[in-house]
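Written out below as structure tokens is the structure these notes cover.
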Amino acid sequence: MSGRHVRSPIDPLGLTMPTMLRGERITLRAVERADLPALWQSANDLEIELLSGGDPPLPHSLAAIEKSFETRTADDKDSPCLFGIEVDGKLIGICDLRDFDHQARCCSLGIIIFERDYWGRGFGRESVELLASYGFNHHNLHRIWLDAHATNERALRCYRACGFVEEGLLREHDWSNGSYVDLVMMGLLRSEWLVTEPAFRQRS
């Protein structure tokens, strides 16, 4: 993983865009205004919304997406560490670190790959590994946690492959697509990440 600012070869605005983190096949970079139409389409995709869990899916206007973007960029210091996931110049998803507890040195991790052609090809795993390394290396985190529906087997396989350990199960915690589903709680400690990081560095 690189923490240096390098340059992305493709820029939707016609400018040279700074890249924050680069893996073997992916780039994690800031979300830009030019990305908002793709995020708008994702926010209104019922399948994607159900996979991401949480609140019931609602329609989102492009204006609402733009307002959220403006609010986040205006108050950047209190915003989640949000990254766009880019592959060969194409935005395929987003990932973030949020819910920071600065005393306990922990936060939560979230990820959405909304381009279906990139599902099941390891891009989610590489994104999670790169983002976790960023959290431990640059935010001095002690623990990163996440949750996922027990029915989302692809996500659970990804998180386990990245070293996350199942820490608990909230039974029938979420109402999703007409039924209650269990919520799996997972976590990764810094000590566990230090064991797996050398293998990730070798791959990237």
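The values are calculated or read from the model by the stated rules, or taken from the named source; none is laboratory data. Keep in mind that what you see is a predicted model, and the values were worked out from it rather than measured. Don't worry about glycine lacking a Cβ; one is built from the backbone with ideal geometry, like all the others, and counts go over all protein chains shown. Ligands, DNA and RNA are excluded from the accessible area calculation, which covers all protein heavy atoms including side chains. Shrake-Rupley method; radii C 1.70, N 1.55, O 1.52, S 1.80 Å.
Things worth noting here:
- Listed residue (Val31, Gly53, Gln41) projecting farthest to the positive dipole end of the range 23-62, Cβ model: Val31
- Relative contact order computed over the range 122-204 (Cα-Cα under 8 Å; 6+ residues apart), in percent: 32 percent
- The stretch between Ala63 and Ser179 holds 38.6 nm of extra length on full extension. This uses 0.36 nm per residue minus the Cα-Cα distance.
- A 1.4 Å probe, protein heavy atoms only, puts the accessible area of Lys67 near 150 Å².
- Given their separation in residues at 0.36 nm each and the Cα-Cα distance between them, Arg160 and Asp99 gain 19.8 nm when the chain is fully extended.
- Look at the alpha carbon pairs under 8 Å that are at least 6 residues apart: their mean separation over the length of the range 99-146 gives a relative contact order of 54 percent.
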